[in-house]
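Taking it in order: structure first as C-alpha cells, then the write-up.
The values are calculated or read from the model by the stated rules, or taken from the named source; none is laboratory data. Since this is a predicted model, take the numbers as computed values, not measurements. Cβ sites come from the backbone with ideal geometry, for glycine too, and all protein chains shown count toward neighbours. To get the accessible areas, we keep the full protein, side chains included, count just its heavy atoms, and leave off ligands, DNA and RNA. Shrake-Rupley method; radii C 1.70, N 1.55, O 1.52, S 1.80 Å.
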Amino acid sequence: MRLDKLLSNMGVGSRKEVKQLLKSKRITVNEVIVKDSGMHVDPEYDQIFVDDQLISYQKHIYLMMHKPPGVVSATVDNRDRTVIDLLSADEKKFEPFPVGRLDKDTEGLLLITNDGELAHRLTSPKKHVEKVYIAHISGEFPENIVEQFQEGLTLEDGYQTKPAKLEILNKQSKEVKVTITEGKYHQIKRMFIAVGCKVTYLKRVQMANLQLDDSLPIGDFRPLTEDELQYCKSLN
C-alpha cells in the first residue's frame with residue numbers, strides 16, 4: 001500500500017498534508033526518515049511513526065449501533081440524517097456502511113462496517129440468517145395468527161413470505177416477537193397488514209446469535225467484542 005494512502009486512511013491527514021509531513025522529515029518507516037509519499041509499505045510488518053507516534057494500521061471497522069427512530073439506514077441522504085451521520089470522524093474515515101436496512105421509524109440492532117464480505121454473509125438471502133424483532137400491534141389478532149405466520153403470508157403485492165415465527169409476549173398489550181429469515185421492504189409491517197393488524201412500534205433485537213447490547217443507549221454505538229466479531233466471521 002502507498003504510504004500516503006495508508007496515512008490518509010488512518011486519519012493522519014489528507015494526502016497533501018501527508019506530503020508536507022514527509023517534506024518536514026516527520027515520518028519514519030522502520031526508523032528511517034522517508035520523503036517519498038508513493039513509497040509502498042506493508043502495514044503488517046513495517047513500523048511507521050509520525051512525530052514519534054506509532055501508526056497502527058486498521059483495515060476494517062465493526063460497530064454495533066442501537067439505531068434510533070427517525071434516522072435512515074444509508075451512507076448519505078439528501079433529506080434525513082443517516083446512521084453514518086451519528087459516527088465520529090474517527091469512524092467515518094473508514095468509509096463504513098450499514099449492514100442491511102432498518103426502516104426510518106424502526107430502532108434496534110444495526111451493524112456498521114466497511115467489510116463487504118462480512119456484510120454479504122449477514123444479508124445474503126441464501127444464508128437464511130434469522131432476524132428477531134419486538135413489535136407492538138394495534139388491531140385484533142386472528143385466532144390462528146401464529147399458524148399463519150408459520151405457513152407464510154401473502155402480501156398485498158402477491159409475494160408469499162417464507163415461514164416466520166410469531167410469539168405473543170403479552171396478549172393484552174399486544175407485544176409480540178417476530179423472527180424472519182428474509183428482509184423484504186417493510187416486511188414485518190406488511191405481514192401484519194395481511195392479517196388485519198398494524199405495527200405501531202418495531203425494534204430489532206437480534207441477528208443470528210448476535211444480540212443487541214441492552215446497555216447501549218438509543219443512538220449510541222460500540223465496537224463489536226472479539227467474540228461477537230469471530231462469531232459473525234464464522235457464519236457460512
Sparse-neighbour loop sites [trypsin sites (Lys or Arg not before Pro); the range 163-236; at most 12 other C-beta within 10 Å; DSSP]: K171
The range 216-236 versus the range 108-165: alpha-carbon centroid distance in Å: 20
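What translational diffusion coefficient, in µm²/s and rounded to a whole number, does the Stokes-Einstein relation yield for the chain at 37 °C and a viscosity of 0.692 mPa s, taking the hydrodynamic radius as the Kirkwood radius over Cα pairs? Kindly include the intermediate steps, with their values, before the conclusion.
Working: Rh = 20.4 Å.
Translational D for this selection: 161 µm²/s.
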Sequence of S73, S173 when ordered by accessible area, the most exposed leading, probe 1.4 angstrom: S173, S73
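Filter the GluC sites (Glu not before Pro) in the range 81-187 down to the DSSP loop ones having no more than 15 other Cβ atoms within 10 Å, then list what survives. Write out the running numbers ahead of the final one.
Details: sites: E91, E107, E117, E130, E140, E143, E147, E151, E156, E167, E175, E182; in loops: E130, E140, E143, E156, E182.
Those satisfying the criteria are E130, E140, E143, E156, E182.
How much of the pair distance distribution for the range 111-157 lies past 12 Å, counting alpha-carbon pairs only, in percent?
Details: 837 of 1081 pairs.
Tail of P(r) above 12 Å: 77 percent of Cα pairs.
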Nearby lysines by direct alpha-carbon distance to K171 (threshold 19 angstrom, same-chain neighbours under 8 apart not counted): K189, K198, K203
Cα-based equivalent ellipsoid, the range 1-55: semi-axes from gyration tensor eigenvalues, Å: 14, 12, 10
Above-threshold pairs, the threshold being 32 Å between Cα atoms, out of K23/K233; K67/K127; K5/K104; K59/K131; K35/K233: K23/K233; K5/K104; K35/K233
Overall Cα dimensions of the range 98-236 - principal axes, largest extent first, Å: 44, 32, 23
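Work out, in µm²/s and without decimals, the Stokes-Einstein translational diffusion coefficient of the range 21-141 at 37 °C, 0.692 mPa s, Rh from Kirkwood over C-alpha pairs.
Stokes-Einstein gives a translational diffusion coefficient of 185 µm²/s.
Are there chymotrypsin sites (Phe, Trp or Tyr not before Pro) in the range 141-217 that DSSP puts in a loop and that have at most 16 other Cβ atoms within 10 Å, and which ones? Write out the running numbers ahead of the final one.
Working: sites: F149, Y159, Y185, F192, Y201; in loops: Y159, Y185.
Qualifying residues, ordered by number: Y159, Y185.
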